[in-house]
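J.: Dumping the structure here so I can ask a few things about it.
Every read-out reported here was derived from the displayed coordinates using simple, explicitly stated rules and does not represent laboratory data. Model, not experiment: these values are computed from the prediction. As a convention, Cβ positions derive from the backbone with ideal geometry for all residues, glycine included, and neighbour counts pool all protein chains shown.
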Amino acid sequence: GNSVTQMEGPVTLSEEAFLTINCTYTATGYPSLFWYVQYPGEGLQLLLKATKADDKGSNKGFEATYRKETTSFHLEKGSVQVSDSAVYFCALRGNQGGKLIFGQGTELSVKP
Amino acid sequence: GAVVSQHPSWVICKSGTSVKIECRSLDFQATTMFWYRQFPKQSLMLMATSNEGSKATYEQGVEKDKFLINHASLTLSTLTVTSAHPEDSSFYICSASGETNTGELFFGEGSRLTVL
């Protein structure tokens, strides 16, 4: 079945550091891939998405490229801010719709 | 963008009582809604999928008599935790998918249930 694996956290960075959170997936067909962010005590917000191979999703300085050859969708940001501190979830949804499969989440803590 | 609202955002109840959580899509019709449960420092666990007008499909290991899901309209789904016990304390999050399947799901703010 479909699955998503993220790098374990917590990840602690200094402000303005470069961020990479790895995400790999296993799926049949051509799923859509997502990154969601969860701030403390809140629900999930969509950060970015990509629906086909080689698509790059981007938002608020974050980027991720759908790599079918490596089944990856790594999240990157060139310069993180304290306000980026949150838990980040990689997720996939099959091309037939249906349920969203989440990775285990990676907690990011950015220090000033 | 599409908005999904949950209510209440937090609730405290006594053991043995039942609690209802509402999930509403405010500006679109949600043909499918999903209910998740999240324990502290963990990922989201899908509990069930509900389609408007039909019975919910529960994930393996989720007690359907314990967690009653109703999706009576295209804008409202409810989760009722029946005879709640302290181990049911958790963060419950709903999400919704619109008629036009863009792939993404829209999430509510979550409801934190504490059972004493």
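J.: May I ask for log10 I(q)/I(0) of the protein assembly as shown at q = 0.11, 0.15 Å⁻¹, from a Debye sum over the Cα atoms as equal point scatterers with solvent left out?
T.: -0.55, -1.00
J.: Give the Rg/Rh ratio for segment B:14-75, taking Rg as the radius of gyration of the Cα atoms and Rh as the Kirkwood radius, to two decimals.
T.: Values: Rg = 12.7 Å, Rh = 12.9 Å.
When Rh is taken as the Kirkwood radius, the ratio is 0.98.
J.: Could you go through segment A:104-112 in sequence order and give the Karplus-derived ³J(HN,Hα) for each residue, using 6.51 cos²θ - 1.76 cosθ + 1.60 with θ = phi - 60°, rounded to whole Hz, and x for Gly and Pro?
T.: 6, x, 10, 7, 10, 10, 10, 9, x
J.: Hey, how many Å between the Cα centroid of segment B:38-94 and the Cα centroid of segment A:50-112?
T.: Taking the Cα centre of each part, segment B:38-94 and segment A:50-112 sit 26 Å apart.
J.: Shielding by partners for B:106-113, please: the mean number of other protein chain Cβ atoms within 10 Å of each residue's Cβ.
T.: Details: counts 4, 8, 2, 5, 5, 1, 1, 0.
Across B:106-113, the average partner-chain Cβ count within 10 Å equals 3.
J.: What ranking, highest mean first, results for peptides B:65-73, B:53-61 when packing means the other Cβ atoms within 10 Å averaged over each residue? Kindly include the intermediate steps, with their values, before the conclusion.
T.: Working: B:65-73: 16.1, B:53-61: 12.3.
By packing density, highest mean first, the sequence is B:65-73, B:53-61.
J.: When A:R93, A:R67 are ordered from fewest to most other Cβ atoms inside 10 Å of their Cβ, what list results?
T.: Values: A:R93 23, A:R67 16.
Ranking A:R93, A:R67 by Cβ neighbours within 10 Å, fewest first, gives A:R67, A:R93.
J.: Still on this structure, please answer the following. Residue by residue, what Karplus-based ³J(HN,Hα) values in Hz, rounded to whole numbers, does segment A:68-78 have, using 6.51, -1.76 and 1.60 with θ = phi - 60° and x for Gly and Pro?
T.: Computed from phi, the couplings for segment A:68-78 are 6, 5, 10, 6, 10, 8, 6, 8, 9, 8, x Hz.
J.: Charges only on Cβ, +1 for Lys and Arg, -1 for Asp and Glu: so what's the dipole of the protein assembly as shown about the Cα centre, in debye to the nearest 20? Before the final figure, lay out each step's value.
T.: On the way: 19 positive and 22 negative charges, 65 e Å.
With Lys and Arg at +1 and Asp and Glu at -1, about 320 debye.
J.: Compute the Rg/Rh shape ratio of chain A: radius of gyration over Kirkwood radius, all on alpha-carbon atoms.
T.: Working: Rg = 13.4 Å, Rh = 13.9 Å.
With Rg and the Kirkwood Rh in hand, the quotient comes to 0.96.
J.: Here's another thing I want to ask about it. Which ³J(HN,Hα) values, rounded to whole Hz and listed in residue order, are derived for segment B:33-39 from phi using the Karplus coefficients 6.51, -1.76 and 1.60 in 6.51 cos²θ - 1.76 cosθ + 1.60 with θ = phi - 60°, glycine and proline given as x?
T.: The phi angles translate into 10, 10, 10, 10, 10, 9, 8 Hz.
J.: Going down the list B:K20/B:K64; A:K52/A:K77; A:K49/A:K99; A:K77/A:K111; A:K60/B:K20, which pairs span over 26 Å between their C-alpha atoms? Don't skip to the end; give the middle numbers.
T.: Working: B:K20/B:K64 14 Å; A:K52/A:K77 21 Å; A:K49/A:K99 16 Å; A:K77/A:K111 15 Å; A:K60/B:K20 36 Å.
From B:K20/B:K64; A:K52/A:K77; A:K49/A:K99; A:K77/A:K111; A:K60/B:K20, over 26 Å: A:K60/B:K20.
J.: If you place +1 on the Cβ of every Lys and Arg, -1 on the Cβ of every Asp and Glu, and leave all else neutral, what size is the dipole of segment A:1-67 about its Cα centre, to the nearest 20 Debye?
T.: Working: 5 positive and 7 negative charges, 60 e Å.
With only Lys, Arg, Asp and Glu charged at Cβ, the dipole is about 280 debye.
J.: Same structure, new question: Going by how many other Cβ atoms sit within 10 Å of their own, how do A:F73, A:F89, A:F62 line up, fewest first? Mind dumping the intermediate values first?
T.: Numbers: A:F73 30, A:F89 25, A:F62 20.
Listing A:F73, A:F89, A:F62 from fewest to most nearby Cβ atoms yields A:F62, A:F89, A:F73.
J.: At q = 0.19, 0.23 Å⁻¹, what is the log10 ratio I(q)/I(0) for segment B:2-116, with the Debye formula run over Cα points and no solvent?
T.: -0.94, -1.34
J.: Something else about it: Using only atoms on other chains, find how many Cβ atoms lie within 10 Å of each Cβ of peptide B:34-46 and report the average.
T.: Details: counts 3, 0, 5, 0, 6, 0, 0, 6, 3, 11, 12, 1, 4.
Taking the mean over all residues of the peptide, I get 4.
J.: While we're on this one: What's the FRET efficiency of A:D55 with B:V3 using the Cβ-Cβ distance as r and R₀ = 25 Å, to the nearest 0.05? Each step should come with its number before you reach the end.
T.: Working: r = 25 Å, r/R0 = 1.01.
Efficiency, rounded to the nearest 0.05: 0.50.
J.: Something else now. Looking at chain B, which Cys residues are left with no other cysteine's beta carbon under 4.7 Å from theirs?
T.: B:C13
J.: If we sort B:40-51, B:12-23, A:28-39 on the protection proxy, mean other Cβ atoms within 10 Å, highest first, what's the order? Let's see the in-between values first.
T.: On the way: B:40-51: 18.0, B:12-23: 15.3, A:28-39: 20.4.
Ranked by mean Cβ neighbours within 10 Å, highest first: A:28-39, B:40-51, B:12-23.
J.: Dipole of chain B, Cα-centred, from +1 at each Lys and Arg C-beta and -1 at each Asp and Glu C-beta, to the nearest 20 debye? Don't skip to the end; give the middle numbers.
T.: Working: 9 positive and 11 negative charges, 67 e Å.
Magnitude of the dipole: close to 320 debye.
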